[in-house]
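Visitor: A single structure is presented below for examination.
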Amino acid sequence: MSLQDQSTPVIERDLFIGNEWRPSADGRSQSLVNPATEEEFGRVALASSADVDAAVRAARTAFDEGPWPRLSVKERADYMLALADDIERHADAIAEVVTAETGLVLGAARGNPLAFAGLLRYYASLADSTELHEVRTGLTGATAHIEKRPVGVVAAIVPWNAPLGLAAFKLPPALLAGCTIIMKPSDFSPLSAGYVADAALKVGLPTGVINVLTAGPEQSQELVSHPGVDKVTFTGSTGVGRAIAAAAAPTLKQVTLELGGKSPAVILPDADLDRIVYTLTINVCNNNGAVCTNPSRLIVPESRKDEIVGALAASFARVTVGDPTDPDVTVGPMINKAHYERVLGFFETARQEGATFAVGGDRAPGFGKGYYVLPTIITDVTPDSRVAQEEIFGPVTAVLTYRDEDEDEDEAIRLANDTEFGLNAAVFSSDEQHALEVARRIHSGTVSINNGITIDLGVPFGGVKQSGYGRELGPEGLDAFYNTHAIFLDGEPVVTL
């Protein structure tokens, strides 16, 4: 049955604390609106300050006194594999909920539980190769036991654009390391997180290992600054990331921040047109354009601007916008009215700044309800304009040009680096070795060659500059949830002069 059918019952979720579902201590809750229909489809409890304390206490007790950190890595991996099996069994139901809360088309929504299960399995597979203990002889001849131990209680703060997909970057490595977790989903997309709690109960995860809180800004701030939390891992906007870093600073919590992006796609003069059109149409429009790695700045040689922009505009015009439960639709609605109006506001700003539109630039026609915008290419953009510098978070890209008479890409690289962000980038060229040389000159955590976005579970992911710090995915993502300790067995007394 389509989620557009208003006979679908309202979904309700409480808070999950210490392996129990419970309402908010002060009775607060929040309704959730389907962005495709503008109708209420769910309701979720909102944590009070007392609930934040209770969740931290449950996670703290589970870490300090419970069995989880004291299990072997292999035993924890077995629980994780059981969690993965349960999440996969409910992938279709989870996808429907993700679609209702985010507006993502069902294919993209289904990728959320599959990514979560996939990363549970990936990190479980590292159990046999994870070395937690090393005996080392130091430079003084002293013998030291070098040990990795779990960092402790983790606050995992997850954004709305891929609620379980991005939770997967955080919970699986934290679980394998032996940490306990308070998962705080976005209050725009909290319901899918409930399936993680359901799975924790079904597989018998020890009490307090996973807790799930939906919270507003004040209680989220309390969670981040709580003295019982040892680490914060956050994916979201740069502005919120700065606030989290500041709130965590007084207690010197460890922090991993994966923040915003304004990712350049540098198109060199010899790039293949079909490859450009195919990959960038997918990359810009995927996930309704709400992707922090979205190639949202196309840096195009002047001599090929009309050719490239014309072909891309024709491709964007063929992208189907509509009901996210329709399997033939590629782009669904923006997540809520405020974000929809923000994206439309960028279109108006672009016009005021003198830009033009090769395609799109408006609300998608033909919808009486829902927050639909057209896939958009903005042209005649200056490097310092808002649409070239600020993250839009929709199916939108802006075109900048560079002179290429002498095939000198210095200007293109300068434009690519002319941003406060440094999360992702791309280089398109038929000469892979040359593209690699250009990629090494771009200040970004990730660069893809002949593809707008490449993410691999086994390869570290994260940003530089205002796109954050720390790394997720790969073995590096696991290391982020360990502290390293040294125990000396011998050695000479240290003399201070």
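Where a number appears in this text, it was derived from the coordinates with a stated rule and is not lab data. Computed from a prediction, not measured in an experiment: that's the story for all the values here. We place every Cβ from the backbone using ideal geometry, glycine too, and count neighbours over all the protein chains shown.
Visitor: Using a cut-off of 22 Å between alpha-carbon atoms, which lysines can reach residue 148, once sequence neighbours fewer than 8 places away in the same chain are excluded?
Guide: Output for residue 148: 74, 170, 231, 253.
Visitor: Full extension from residue 243 to residue 411: what is 0.36 nm times the residue separation minus their Cα-Cα distance, to one decimal in nm?
Guide: 57.0 nm
Visitor: Rounding to the nearest 20 debye, state how big the charge dipole of the chain is about its Cα centre with +1 on each Lys and Arg Cβ and -1 on each Asp and Glu Cβ.
Guide: 1200
Visitor: Still on this structure: So how do 410-418, 25-33, 483-491 stack up, highest first, on mean other-Cβ count within 10 Å?
Guide: Listed from highest to lowest mean packing, they are 410-418, 25-33, 483-491.
Visitor: Something else: Calculate the radius of gyration of the Cα atoms of the range 155-309 to one decimal place, then report Dmax, the largest Cα-Cα distance, as a whole number, both in Å.
Guide: 19.5, 63
Visitor: Hey, another quick one. Could the peptides 364-371, 279-286, 198-205 be put in order, highest first, of the mean number of other beta-carbon atoms found within 10 Å of their residues?
Guide: Result, highest mean first: 279-286, 198-205, 364-371.
Visitor: So what's the projected area for the range 96-140, the Cα convex hull averaged over all directions, in nm²?
Guide: One quarter of the hull surface, i.e. the mean projection, equals 5.6 nm².
Visitor: From the Cα gyration tensor of the range 302-341, with a ≥ b ≥ c the square roots of its eigenvalues, which class applies: rounded if a/c is under 1.5, or else prolate if a/b is larger than b/c, or else oblate?
Guide: Oblate is the answer for the range 302-341, as a/c is 1.5 or above yet b/c matches or exceeds a/b.
Visitor: Residue separation times 0.36 nm, minus the C-alpha to C-alpha distance between residue 436 and residue 362: what's the value?
Guide: 22.9 nm
Visitor: Under 8 Å for C-alpha pairs, at least 6 residues apart: give me the relative contact order for the chain, rounded to a whole percent.
Guide: 17
Visitor: Turning to a different aspect of this structure: When the dipole is taken about the Cα centre of the range 264-449, and only Lys, Arg (+1) and Asp, Glu (-1) are charged at their Cβ, what size is it in debye, to the nearest 20?
Guide: The dipole magnitude comes to about 980 debye.
Visitor: Also: With the crude spin-label approximation of a point 7 Å out along Cα→Cβ, what separation in nm comes out for residue 252 versus residue 380?
Guide: A separation of 5.6 nm, rounded to one decimal place.
Visitor: Once you keep just the Cα pairs under 8 angstrom separated by 6 or more residues, what percentage relative contact order results for the range 221-338?
Guide: Once normalised by length, the contact order is 20 percent.
Visitor: Give me the Kirkwood hydrodynamic radius of the range 264-449, using the inverse of the mean 1/r over all pairs of distinct Cα atoms, in Å to one decimal.
Guide: It works out to 16.6 Å.
Visitor: Please compute the alpha carbon radius of gyration of the range 24-153, then divide it by the globular-protein estimate 2.2 N^0.38 Å. Two decimals is fine.
Guide: 1.50
Visitor: Counting Lys and Arg as +1 and Asp and Glu as -1, what is the net charge of the other residues whose Cβ lies under 11 Å from the Cβ of residue 152?
Guide: Residues close to residue 152 contribute a combined charge of +2.
Visitor: Could you give the nm distance between label points at residue 270 and residue 418, where each point is 7 Å from its Cα heading toward the beta carbon?
Guide: 2.6
Visitor: Towards the positive end of the charge dipole of the chain, with charges on Cβ (+1 Lys, Arg; -1 Asp, Glu), say which of 381, 195, 398 has the farthest Cα.
Guide: It is 195.
Visitor: Have a look at 79, 162, 433 and report the one farthest towards the positive end of the charge dipole of the chain, computed about the Cα centre with Cβ charges (Lys/Arg +1, Asp/Glu -1).
Guide: Most positive-ward Cα: 79.
Visitor: On a 0 to 90 degree scale, rounded to 10, what angle separates helix 273-285 from the longest Cα axis of the chain?
Guide: Here the helix axis deviates by roughly 60 degrees.
Visitor: Compare the peptides 339-346, 156-163 by average per-residue count of other Cβ atoms within 10 angstrom and give them in order, highest first.
Guide: 156-163, 339-346
Visitor: When Rg is the radius of gyration of the Cα atoms in the range 223-271 and Rh is its Kirkwood radius, what does Rg/Rh come to?
Guide: Ratio of gyration radius to Kirkwood radius: 1.29.
Visitor: Do the sum for the chain: with -39,500 (n - 2.57) for every DSSP H run of n ≥ 4, divided by all residues, what is the mean residue ellipticity at 222 nm, to the nearest 500 deg cm²/dmol?
Guide: The helix contribution divided over the chain gives -10500 deg cm²/dmol.
Visitor: Using the alpha-carbon centroid of each, what span in Å lies between the range 284-336 and the range 43-102?
Guide: 35
Visitor: Something else about it: Let me know the Kirkwood hydrodynamic radius for the range 408-460, please, with Cα pairs as the basis and the value in Å to one decimal.
Guide: Computed over the range 408-460, the radius equals 11.5 Å.
Visitor: Follow-up question, since we're still on this one. Quick one: if you stick a label point 7 Å off each Cα along the C-beta vector at residue 31 and residue 306, how many nm between them?
Guide: Here the answer is 5.4 nm between the modelled labels.
Visitor: For the range 349-396, take the alpha-carbon Rg, divide it by the Kirkwood Rh, and send me Rg/Rh.
Guide: Ratio of gyration radius to Kirkwood radius: 1.01.
Visitor: Dividing the alpha-carbon radius of gyration of the chain by 2.2 N^0.38 Å (N being the number of residues), what value is obtained?
Guide: After normalising by residue count via 2.2 N^0.38 Å, the value is 1.02.
Visitor: Which distance in Å, rounded to a whole number, links the C-alpha centroids of the range 115-177 and the range 209-270?
Guide: Centre-to-centre (Cα) distance: 18 Å.
Visitor: Dipole of the chain (Lys/Arg Cβ +1, Asp/Glu Cβ -1, origin at the Cα centre): which of 255, 269, 324 lies farthest to the positive side?
Guide: My answer, from the dipole projection, is 255.
Visitor: Could you grab the relative contact order for the range 264-449? Cα pairs under 8 Å, six or more apart, rounded to a whole percent.
Guide: Once normalised by length, the contact order is 29 percent.
Visitor: Report, to the nearest 10°, how far helix 337-352 tilts away from the longest principal axis of the Cα atoms in the chain, using its own Cα long axis and a range of 0 to 90°.
Guide: 40
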